[in-house]
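Beneath this line is the structure, given in structure tokens, with notes to follow.
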Amino acid sequence: MNDTDDFDRTPFVVMSPQSVLRVRSPADLVEAVPYLIGVRPTESVVLLGILPGERSRVGPVLRHDLPPPADFEQAADHFARLLVRTGARGVAVAIYADGAEPAGSAAAGEAGPAPAVERLRPLHTAIARACVGHTIEVREAVCVTADRWWSYGCTDADCCPPEGTPLRTRRDSTVAATAVWAGLPEPVSLAELVRRFRPPEYAMREVMMRAYTSARRDPKAYAVERTLTALTGHRARFRAGDTTIEPAEAARLVLGLGDARVRDEAMAWHGEQPGDADDPALLALWTALARRAFAPASAPPLTLAAWAAWTIGDGVLARVAVTGALRADAGYTMARLLHSAINSPLSAAEVRRRIFRDAVTNRAP
């Protein structure tokens, strides 16, 4: 992640899949992307960097939230520079819009592109122009909605009809069968994963806001030792299946996690080896606290949730959590370290060793 401008501080996700899926057409691309990144994207730009060489292997796969129209040009240049860093010399682009097209649109049977395709065409144009400027060839570009896709590059109506092509739903296609054979997991909904960490809403939002206001009046209530004692108790209760946390207690715990000493101690609770029995309970605890927190105070529990997810081998959930932490506080150092580590080619065990070493080294006095 480059800190040269505001857009570059926006978190992105880099995936490093095994290149086991053969993509021979736009339809194959649309079907392969969810398997390559582990989620079914929504409101996203996915870029499959193609490495130099005769076999056109896919390098790291980048996913980024859709930028606002005012940022299309800046975002496109950012994407192109990221691709250059990965060594890519070509790219396949998939732009995802939420939801199905409304009745009466092209997706409902009229000829011509759907509104989403035209709304996002300027983004495609900006990406194509930026890639050309960085000597990166755009091999394919598609726009995908909930139920069909369109190609920005193919004008053959027999291959890519103007009203769009329905998404493949069968699980016995060549791409799906190859993904299963290669051991790639069934993609999950990105929107569902994001909802797992959604902050308080409606009546609970008001309750939690009052709880934080009250907790801040007594800093001793979330001092280091008191917070660690309380977290230890909840750790045991969550392991036993009791996942209830009262609003006042949640507010104190979240505020307490704002101290680096508390956070580092909590990180050390995770087992030396990935998958220790305590890790799922800790993931549930950090998730519960993240759901009762507001930015920027939500950054520590989200970072701990990412750490826990990474520990149990759920890299997709870890990326969602750490991205949420960076959105809550773009300058939160541990989230930035963990974001880089999760998206690196290092093994999970090596990442854990390096992150824990950094956590200990950077402990507050």
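The values are calculated or read from the model by the stated rules, or taken from the named source; none is laboratory data. What you see is a predicted model, and the numbers here were worked out from it, not measured in a lab. Here Cβ is always computed from backbone atoms with ideal geometry, including for glycine, and neighbour counts include all displayed protein chains. Note: accessible area is taken over every heavy atom of the protein model, side chains too, but ligands, DNA and RNA are not part of it. Shrake-Rupley method; radii C 1.70, N 1.55, O 1.52, S 1.80 Å.
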Subset of region 186-203, residues in contact (Cβ under 8 Å) with a residue 12 or more places away in the chain and either of a type in the set (Phe, Trp, Tyr) or farther than 30 Å from Pro34 by Cα (or both), comes to Phe197
Considering only region 163-187, state which residues are open to solvent by less than 60 Å² (accessible area, probe 1.4 Å), of a type outside the set (Gly, Ala, Ser) and either modelled with pLDDT of 80 or more or over 25 Å from the mean Cα position of the chain (by Cα) (or both). Thr165, Leu167
What pairs can you find where one residue is in region 303-318 and touching a residue at least 12 places away in the same chain (Cβ under 8 Å), the other is among the acidic types (Asp, Glu), and their Cβ atoms are less than 7 Å apart, with a gap of 6+ or different chains? Ala308/Asp279; Thr311/Asp279; Ile312/Asp279
Under 8 Å by Cβ, and 6 or more places apart or on different chains, what pairs join a residue from region 109-129 that is on the phi > 0 side of the Ramachandran plot with one that is modelled with pLDDT under 95? Gly109/Glu163; Gly112/Ala106; Gly112/Pro162; Gly112/Glu163
Mind checking which residues of region 203-259 are farther than 16 Å from Trp269 by Cα and polar (S, T, N, Q)? Thr213, Ser214, Thr243, Thr244
Among the residues of region 328-338, how many are assigned to a helix (DSSP H, G or I) and out of contact with any Phe, Trp or Tyr (no Cβ under 9 Å at 6 or more places or on another chain)? 4
Every residue from region 188-219 that is open to solvent by less than 20 Å² (accessible area, probe 1.4 Å) and touching a strand residue (DSSP E or B) at 6+ places or on another chain (Cβ under 6 Å): Leu190
Do you know which residues across region 234-270 are within 23 Å of Phe197 (Cβ to Cβ) and either without any contact (Cβ under 8 Å) to a residue 24 or more places away in the chain or over 29 Å from the mean Cα position of the chain (by Cα) (or both)? Arg237, Gly241, Asp242, Thr244, Glu246, Ala248, Glu249
